[in-house]
Amino acid sequence: MQKIISFLGCFFSLAALILPGQSFALDNVAQTDKVKVEVLPAFSAIESGQPLDILVKVTPQNGWHIYWDNPGDAGLPTTIVWNLPKHATMTELGHSAPKKYDADGLVLYGYGNSAYWKYRLSLNNWDNVRLKAKVSWLACREECVPETVLLNFKLPVVAKRHHIHPDNFWQNEALKAENSFPSLWKGASFYEIRNNQLLLRLNAGFKNLFDKAQNVWFVPYQRDVIDNVAKPYLGQDDEGNYSLLIPVIDVPDKDISGLLLIEKSNTQKVYEIHPMKASGLRTLPPINEMQQSLLGILVMAFIGGIILNFMPCIFPILSIKAIALVQGAYNKRRARIEAVFYVLGVVVCFVVMASILIALRLQGEHIGWGFQLQSPAFVACMIVIFFIVFLMLLDLVNLKNPFANRVGRISFAKQKVNAFFTGLFAVLIASPCTAPFMGIAIGYTLSKPIYIYYPIFVALSLGYALPFALIAFFPRVLLRILPKPGKWMSVLKKIFAIPVLFTCFWLSWVLWHLLGNENVVENNLKWMPYEPQAISSALQKNQPVFVDFTAKWCITCLANEKIALDSPEFIKMVNQKGIKLFKADWTNKSPEIADALAQYGRNSVPLYVYYPNSGDYVILPQLLTAGILEEYLK
């Protein structure tokens with residue numbers, strides 16, 4: 001008999017060595033040296049015909065961790081499989097949300113502390129009740145070990161349990177479990193997959209959801225859908241709507257459901273979302289961008305409009321117009337009325353262009369400010385207009401004013417019409433120069449309702465019209481500076497003809513590229529075409545990335561290239577730091593680039609974005625120098 005007992009002891013010891021991590025129990029607790037599992041029923045007895053809530057508590061120990069349903073880039077999910085009597089059902093009511101772990105470039109989702117699964121047991125027949133559960137997990141620390149435990153237990157059945165109440169221990173555990181479960185997202189949610197990116201649109205109805213959030217992630221239940229390493233782009237508007245943009249590894253074969261994890265001051269808030277599939281969704285301006293007040297944006301737009309008067313494509317023409325106005329036969333009342341009509345023409349033209357932009361975007365067109373310069377026909381017309389202006393400044397062409405009568409005079413009524421169309425024309429010829437002074441202001445309008453959108457454009461137009469209007473209202477200020485009329489005016493016109501001619505050359509160059517022609521430019525830098533997947537891949541490898549959003553019709557973009565991006569200082573920094581360079585050329589229409597601009601709260605170029613590593617990005621100023629690049633890229 002002693003030999004038999006010794007044999008059985010050796011057998012079970014050998015089995016324990018052959019099957020590491022296997023533990024069998026005849027009660028509601030099972031444990032390995034890495035993880036402890038407990039089954040905690042709400043009551044110590046079962047009342048016939050009443051459901052019973054049960055908690056399964058899984059606690060990793062000694063620095064080990066286990067995995068959630070979607071383990072991330074590695075690992076296996078934790079599973080609980082019940083073996084129930086006949087006529088029994090076990091319904092899961094929820095389980096704990098995971099934590100995010102970073103390990104050697106991998107992102108994992110799991111549990112380092114106690115995790116809970118809550119079930120509701122229903123039985124029609126309470127005879128011979130025995131509950132069995134098989135709990136499996138992958139325990140990882142420095143190495144990973146798959147483990148399984150089997151739980152096999154039963155509870156007594158009573159006719160009534162009105163004298164039995166959940167004990168304090170279970171109530172405390174149930175409270176901990178509820179606090180660890182995700183909350184159901186109560187607002188509407190939608191998703192769209194385009195350009196290898198998942199766009200989530202969440203309508204919360206309140207504005208402070210992500211205030212002071214250090215990190216935000218979306219984790220789908222389905223594995224291998226999103227790029228877990230890539231930092232999601234997060235956008236917000238003033239109406240409590242949010243957007244997340246995440247690179248996609250593989251298009252899911254079913255709907256997108258998962259968890260939204262928000263980390264604030266070492267605490268985590270988790271929402272369960274089940275978004276509906278939609279199309280035509282748009283990203284919202286970055287939530288982490290400086291929140292400008294509407295008044296500040298209006299002031300910025302107004303000042304930007306004033307600066308536009310001094311750009312090379314408009315300053316010569318308006319200067320000649322202003323000089324002719326103050327040195328002609330001046331009538332204070334008529335000059336001021338004419339100035340008002342000029343201002344009206346400027347405002348109307350800006351508002352019309354803004355309305356066209358809004359209408360096209362509402363129809364799903366992926367365009368932004370400067371869209372008119374993406375049209376070869378528009379650019380060709382501008383070339384003709386500027387060339388005629390060039391000839392007029394040289395006195396080689398003298399076009400008859402359509403508003404003049406037979407003796408060459410213009411009636412006052414027609415002078416007002418003439419001033420109005422002068423304002424319209426002034427906006428059209430200034431459009432190539434507007435981006436650097438309108439980028440932030442107009443980008444601010446991307447997610448705003450029309451009652452905010454239009455005031456910004458009106459502020460910009462008023463600023464643009466102000467200098468000419470002031471000259472018309474107070475001509476003596478300019479007359480004190482100018483010499484008496486004479487030959488110098490003819491010389492000045494010819495000098496001003498030079499930048500107008502250069503504008504013709506530049507627009508011809510833009511037209512050449514719009515028609516599909518490319519120039520090969522040799523330099524010491526390797527610029528790759530804009531490709532979100534390539535950028536994401538570089539960021540996963542912790543490589544710094546610099547993205548240049550540009551266009552051939554953007555004067556500021558071309559100036560920045562010559563002054564800063566082609567400078568020896570920038571070339572040296574790129575080579576030393578191993579910066580990956582990407583150029584998003586928006587000369588022609590590109591929905592992908594328009595969407596990318598919207599991600600950063602912009603709808604115009606230039607835009608310069610620098611990722612020092614896989615973390616946050618910085619947006620550089622729109623006017624660059626080598627010194628500015630050194631400051632931001634250091």
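The values are calculated or read from the model by the stated rules, or taken from the named source; none is laboratory data. Since this is a predicted model, take the numbers as computed values, not measurements. As a convention, Cβ positions derive from the backbone with ideal geometry for all residues, glycine included, and neighbour counts pool all protein chains shown. Note: accessible area is taken over every heavy atom of the protein model, side chains too, but ligands, DNA and RNA are not part of it. Shrake-Rupley method; radii C 1.70, N 1.55, O 1.52, S 1.80 Å.
Of the whole protein surface, Ser257 contributes about 20 Å² of accessible area at a 1.4 Å probe radius. With θ taken as phi - 60° and the Karplus curve 6.51 cos²θ - 1.76 cosθ + 1.60 applied, the whole-hertz 3J(HN,Hα) list for region 38-43 is 10, 9, 10, x, 5, 10 Hz, x standing for glycine and proline.
Along region 64-70 the Karplus relation, 6.51 cos²θ - 1.76 cosθ + 1.60 evaluated at θ = phi - 60°, assigns HN-Hα couplings of 7, 9, 10, 10, 7, 3, 9 Hz to successive residues, with x for each Gly and Pro.
Report, in listed order, any pair from Lys100/Lys132; Lys100/Lys154; Lys34/Lys264; Lys34/Lys132 with a Cα-Cα distance greater than 25 Å. In this structure, Lys100/Lys132; Lys100/Lys154; Lys34/Lys264 lie more than 25 Å apart at Cα. Think of a 1.4 Å ball rolled over the protein heavy atoms: region 541-616 then has 34 Å² of accessible area per residue.
Expressed as a whole percent, the accessible area of region 543-622 that falls on carbon and sulfur atoms is 51 (1.4 Å probe). Between amide H atoms placed 1.01 Å from N, distances below 5 Å from Leu198 occur with Ile246, Val248, all of them 5 or more places distant or on a separate chain.
May I ask for the percentage of alpha-carbon pairs in region 492-613 that lie more than 16 Å from each other? Tail fraction, whole percent: 67. Protein heavy-atom accessible surface, 1.4 Å probe, per residue over region 29-114: 42 Å².
Ordered by solvent-accessible area of protein heavy atoms (1.4 Å probe), largest first, the residues Tyr454, Tyr111 come out as Tyr454, Tyr111.
Residues whose amide H lies under 5 Å from that of Asp53, counting only those 5 or more places away or on a different chain, are Ala42, Leu121; hydrogens are built 1.01 Å from N in the peptide plane. Spin-label pair Glu631-Glu569: with each label point 7 Å from Cα along the Cα-Cβ axis, the two points sit 1.0 nm from one another. Taking all protein chains together, Glu630, Glu338, Glu263 sort by accessible area into Glu630, Glu263, Glu338, largest first [probe 1.4 Å]. A probe of 1.4 angstrom, applied to the heavy atoms of all protein chains, finds Lys231 with accessible area near 90 square angstrom. Accessible surface ranking for Val347, Val352, 1.4 angstrom probe, highest first: Val352, Val347.
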